[in-house]
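Right, one structure below, let's go through it.
Any read-out appearing in this document is the output of simple, stated calculations on the displayed coordinates, not a laboratory observation. Remember, it's a predicted structure, so these values are computed and weren't measured experimentally. Cβ placement follows ideal geometry from the backbone for every residue including glycine, while neighbour counts extend to all protein chains displayed.
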Amino acid sequence: MRLKFKSTVLSVALLAGFAASATVQAQAKWEPTKPVEFIIPAGPGGGADQMARMIQGIISKNNLMKQSVIPVNKGAGAGAEGFLAIKEAKGDPNKIIITLSNLFTTPLATGVPFSWKDMTPVAMLALDQFVLWTNAEKPYKSAKEYIDAAKAAGAGKFKMGGTGSKQEDQIITVALEKSTGAKFTYVPFAGGGAVAVQLVGNHIDSSVNNPIEAVAQWRAGKLRAQCVFDTERMPYKEKITPTQSWNDVPTCKEVGVNTDYVMLRGIFMPPGVTQAQVDFYIDLFKKVRETPEWKKFMADGAFNQTFMTGKDFNSWLEKNAALHAQLMKEAGFLAK
């Protein structure tokens with residue numbers, strides 16, 4: 001009788017173990033059940049838009065997931081439209097968003113009730129650089145020459161184009177003014193693509209576009225890359241123009257313009273999703289990063305290829321939220 005009881009207990013335990021194992025296995029194998037909406041909190045043609053659409057193409061070409069990815073631009077309100085859409089999609093694992101540093105600046109500048117903590121961090125894909133660009137037809141051979149000309153012209157005579165207001169491009173412009181004494185009229189546009197077109201057309205005098213946003217015009221000889229706002233030169237040594245690689249572009253500090261700033265390119269999900277769902281996308285983006293198309297995109301756009309997930313990414317987000325709060329306060333950009 002005792003033997004039969006023990007046998008029954010063992011059978012129940014084994015069945016419970018198998019059930020628990022099956023549950024864990026099912027959770028680990030989660031994947032999207034319908035097309036994934038890939039929200040871009042910025043306008044068409046800019047760095048975030050280009051990266052999101054490149055990712056869509058890589059996933060499709062390499063059959064990295066069964067469901068399709070559908071990029072959707074929701075850039076209204078300096079990206080608030082996109083961020084609020086993710087915040088409100090609680091528990092929906094079939095929505096993701098690509099973020100830039102307006103993740104931090106938009107709520108500070110607009111007062112929109114949103115924080116990066118209202119979303120679920122997935123991964124930092126890369127950090128993006130900013131370059132001081134001028135029109136190649138103009139005589140400025142260095143960033144210092146350009147800044148000196150802007151100072152000589154007088155406050156507000158030179159126009160600096162950028163994406164949006166009270167966001168990264170304008171933050172850098174203010175930092176540039178503080179470090180050099182030059183004073184620009186800042187002209188906002190919907191995205192980096194529009195900024196590059198305006199600079200080629202001489203409607204503005206300079207921009208602080210990301211490399212990927214102006215590389216086509218640089219390659220075509222229409223724009224001049226004066227300096228990169230980072231502490232080190234970009235590592236990419238393959239020639240983009242007949243005479244220059246990204247590595248040939250000096251840091252702004254090297255040429256007497258002591259300003260630096262890098263920007264997040266990250267992926268988030270709505271709040272309330274499971275770890276298994278987050279893990280699916282982490283694994284997906286690891287696969288994306290291994291493709292030749294991604295590696296070429298990184299080189300063409302001169303990205304800093306830092307990749308983070310989990311606690312490291314959350315720690316980075318905490319620090320950069322505090323940094324942007326300080327920068328926005330110093331620039332006078334906080335909502336009143």
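Tell me the relative contact order for region 131-255 as a rounded percent, counting alpha carbon contacts under 8 Å between residues six or more apart. Present the calculation step by step, with values, prior to reporting the outcome.
Working: 232 pairs, mean separation 38.8, N = 125.
The value is 31 percent.
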| task | Go through GLY162, PRO32, GLY192 and say which Cα lies farthest out towards the positive end of the charge dipole of the chain; charges sit on Cβ, +1 for Lys and Arg, -1 for Asp and Glu. | result | PRO32
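Give me the number: length gained by fully extending ARG289 to GLU330, i.e. 0.36 nm times residue separation minus the C-alpha to C-alpha distance, one decimal in nm. It would help to have the intermediate numbers written out before the result.
On the way: separation 41, 0.36 × 41 = 14.76 nm, distance 3.64 nm.
Gain on stretching ARG289 to GLU330: 11.1 nm.
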| query | What are the ³J(HN,Hα) values, in whole Hz, obtained from phi via the Karplus relation 6.51 cos²θ - 1.76 cosθ + 1.60 with θ = phi - 60°, for each residue of region 302-319 in sequence order, with x given for Gly and Pro? | reply | 6, 6, 7, 8, 5, 10, 9, 9, x, 4, 4, 5, 4, 5, 4, 4, 4, 5
| Residue by residue through region 250-267, which ³J(HN,Hα) values in whole Hz follow from phi under the Karplus form 6.51 cos²θ - 1.76 cosθ + 1.60 (θ = phi - 60°), with glycine and proline marked x? | x, 6, 4, 5, 4, 9, x, 10, 7, 9, 9, 5, 10, 10, 5, 10, x, 10
| message | Mean-square fluctuation check for the chain, GNM, Cα pairs under 10 Å: which of GLU213, GLU81, GLU238 is largest? | response | GLU238
| query | How many angstrom separate the Cα center of region 158-213 from the Cα center of region 283-331? | reply | 22
| query | Across region 48-64, in residue order, what do the Karplus-derived ³J(HN,Hα) couplings come to in whole Hz, using 6.51 cos²θ - 1.76 cosθ + 1.60 with θ = phi - 60° and x for Gly and Pro? | reply | 5, 5, 5, 5, 4, 6, 5, 4, 4, x, 5, 4, 5, 4, 9, 6, 7
| Among the lysines, which fall within straight-line cross-link reach of LYS183, defined as a Cα-Cα distance under 23 Å, with same-chain neighbours fewer than 8 residues apart omitted? | LYS138, LYS141, LYS144, LYS151, LYS157, LYS159, LYS166, LYS253, LYS329
| said: Using Cα springs under 10 Å in a Gaussian network model of the chain, which residue among VAL69, VAL255, VAL288 shows the largest mean-square fluctuation? | reply: VAL255
| remark: In a Gaussian network model of the chain with springs linking alpha carbons closer than 10 Å, the residue among GLY256, GLY266, GLY46 that fluctuates most is GLY256
| request: Would you mind checking the tilt of helix 143-153 against the longest principal axis of the Cα atoms of the chain, expressed as 0 to 90 degrees and rounded to 10? | output: 60
| Dipole magnitude (debye, nearest 20) for the chain, charges at Cβ of Lys, Arg, Asp, Glu | 700
| note | Taking the square root of 5λ for each eigenvalue of the C-alpha gyration tensor of region 131-255, the equivalent ellipsoid has semi-axes, largest first and in whole angstrom, of 21, 16, 14
| message | Is there a quick way to get the dipole size of region 181-246? I mean about its Cα centre, with the Cβ of Lys and Arg at +1 and of Asp and Glu at -1; what is the value in debye to the nearest 20? | response | 200
| Taking +1 at the Cβ of each Lys and Arg and -1 at the Cβ of each Asp and Glu, which of ILE172, GLY201, ILE240 sits farthest along the dipole of region 145-247 towards its positive end, judged by Cα position relative to the Cα centre? | GLY201
| For LYS66, which aspartates and glutamates qualify as cross-link partners when the Cα separation must be under 15 Å and same-chain residues fewer than eight apart are set aside? | GLU31, GLU37, ASP283
| Remind me, relative contact order of region 98-177 in percent, using alpha carbon pairs under 8 angstrom and six or more residues apart? | 34
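Let me have the relative contact order for the chain, percent, based on Cα pairs under 8 Å that are six or more residues apart. All intermediate terms of the calculation are to be shown ahead of the outcome.
Numbers: 650 pairs, mean separation 82.8, N = 336.
Reported as a whole number, the value is 25 percent.
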